[in-house]
Amino acid sequence: MDGLIQSGAVAPAITQEFPALGLLWLDVAAAPSRTPPDVRDRLAHLSDRWRGAQALALRRQPVAHAHRVFFRHIGLDPDVQRVPQEEVIVRRLLDGGFRPRGLPADALTIACVQTGVGVWALDAGAVDGPLAIAFDETQRIAVCDAAGRLAALFEAPDARAAVVKATRAMRLYAIRAPGVPELFVREALELAAELLEPA
Amino acid sequence: MVAVLDRVVAPDHAAARRALREQISRLEREWSALERPPGAAQATARPGHARLLGVGELERARDALTARLAHARALQAQRGATQEAARVRLERMLLEPGRHRFEQVPASALGEGGCGVYAVRPRLGLIGMLMGWWQVKLSSGCPLPG
């Protein structure tokens, strides 16, 4: 791994309501690429492990449950906007398997399925300074840098810092929902970074 | 005196929000543990955005979840009653097939999976019909598509 995992700041008003909410991020020197064979095999292996029965029981698993509760606390309905792991598993059920979509998407998928924690990738070159959880201009909770909003919480990054073909370094981040042990969040980031690192 | 009065009457919104969040957590636990019957899982809310909720919004979220939980439980109870009635009917068919000629109970009505149907049929076809030999048969397999 290139960088160390770092903790992002959380706006005081948000910390006051959710003291356990956190943001961790990590820089990785990696460019988008096609899915390598070992990642392809891993996706196939995961596809075999995740079937309908496991998907139904997922919402009772501690990490997914903690996310569902937090979603409700911040005005998201987890039955409409699925929590990261449920989103990935439902896509697996609809597609009939975890279909390779290239890197970094596959690395983020594997990290999310394995740990239950969502990981997102940004173009490190387009990010201005450290990441933080703060309010955007419409008072929504978002992942921000010094220049403003990078992504709404638990949503795909905005175009400003999305990973593109020209990206040569990525910043991976994961949100620590209250009730989710930090160990899981770190593991998710480390796993995604490992998969993204060139062999 | 005024300071004391302020302390007495000023509502503690933070504590109220905390209490509401705890209630929502408990309801979500019950909602997740519930085996939702078909029709109960549909959420009516539109996609939203992450934000800090005030007391009123948290109350609305709690009430909506309570209503969905109650609806799901009512559907579950209704489904349980329907399955119980189907089970009683099947038991009667098994006890006295001759009195329930050609009656059918789909396996799905009993809460079982698959496309099987329990049906009272004559043993050995026409001979059984004439002799009054009746039995309950379970058809198996789903019809082929198309």
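The values are calculated or read from the model by the stated rules, or taken from the named source; none is laboratory data. What you are looking at is a predicted structure, and each value in this text was computed from that prediction instead of being measured. Positions of Cβ are backbone-derived with ideal geometry, glycine not excepted, and every protein chain shown enters the neighbour counts.
Given (1) over 30 Å from B:GLY56 (Cα atoms); (2) in contact with a Gly (Cβ under 9 Å, 6 or more places away or on another chain); (3) of a type outside the set (Asp, Glu); (4) in a helix (DSSP H, G or I), where does A:VAL63 come up short, assuming only one miss?
Every condition holds for A:VAL63 apart from (1).
Inside region A:140-153, can you point out the residues that are under 20 Å from A:PRO178 (Cβ atoms) and without any contact (Cβ under 8 Å) to a residue 40 or more places away in the chain?
Across region A:140-153, the qualifying residues are A:ARG140, A:ALA142, A:CYS144, A:ALA151, A:ALA152.
Tally time: how many residues in region B:10-34 are more than 8 Å from chain A (Cβ to nearest Cβ) and of a type outside the set (D, E, K, R)?
As a first pass, look at region B:10-34 and keep what is more than 8 Å from chain A (Cβ to nearest Cβ): B:10-13, B:15-16, B:18-20, B:22-23, B:26-27, B:30-31, B:34.
Cutting the leftovers down to of a type outside the set (D, E, K, R) gives us B:10-11, B:13, B:15-16, B:19-20, B:23, B:27, B:31, B:34.
Result for region B:10-34: 11.
Looking only at region B:30-52, count how many residues are at pLDDT 80 or above and in contact with a helix residue (DSSP H, G or I) (Cβ under 7 Å, 6 or more places away or on another chain).
6
So which residues in region A:189-199 are among the small types (Gly, Ala, Ser) and outside any helix (DSSP H, G or I)?
A:ALA199
I'm checking my understanding of the structure. Among residues of region A:68-104 that are under 14 Å from A:GLU155 (Cα atoms) and either among the aromatic types (Phe, Trp, Tyr) or under 12 Å from the mean Cα position of the chain (by Cα) (or both), which one is farthest from the other protein chains (Cβ to nearest Cβ)?
Within region A:68-104, the match that is farthest from the other protein chains (Cβ to nearest Cβ) is A:VAL88.
Going by the conditions given, is A:LEU46 buried (at least 17 other Cβ atoms within 10 Å of the Cβ), modelled with pLDDT under 95, more than 14 Å from chain B (Cβ to nearest Cβ) and over 26 Å from A:ALA166 (Cβ atoms)? Break it down stepwise before answering.
On the way: buried (at least 17 other Cβ atoms within 10 Å of the Cβ): yes; modelled with pLDDT under 95: yes; more than 14 Å from chain B (Cβ to nearest Cβ): yes; over 26 Å from A:ALA166 (Cβ atoms): yes.
So A:LEU46 passes the test.
What do you reckon, is A:GLN61 surrounded by fewer than 18 Cβ atoms within 10 Å (Cβ to Cβ), within 14 Å of another protein chain (Cβ to nearest Cβ), more than 30 Å from A:PRO198 (Cα to Cα) and in contact (Cβ under 8 Å) with a residue 40 or more places away in the chain?
yes
Hey, can you tell me all the residues within region A:77-97 that are in contact with a Lys or Arg (Cβ under 9 Å, 6 or more places away or on another chain) and among the acidic types (Asp, Glu)?
Of everything in region A:77-97, those that are in contact with a Lys or Arg (Cβ under 9 Å, 6 or more places away or on another chain) and among the acidic types (Asp, Glu) turn out to be A:ASP77, A:ASP79, A:GLU86.
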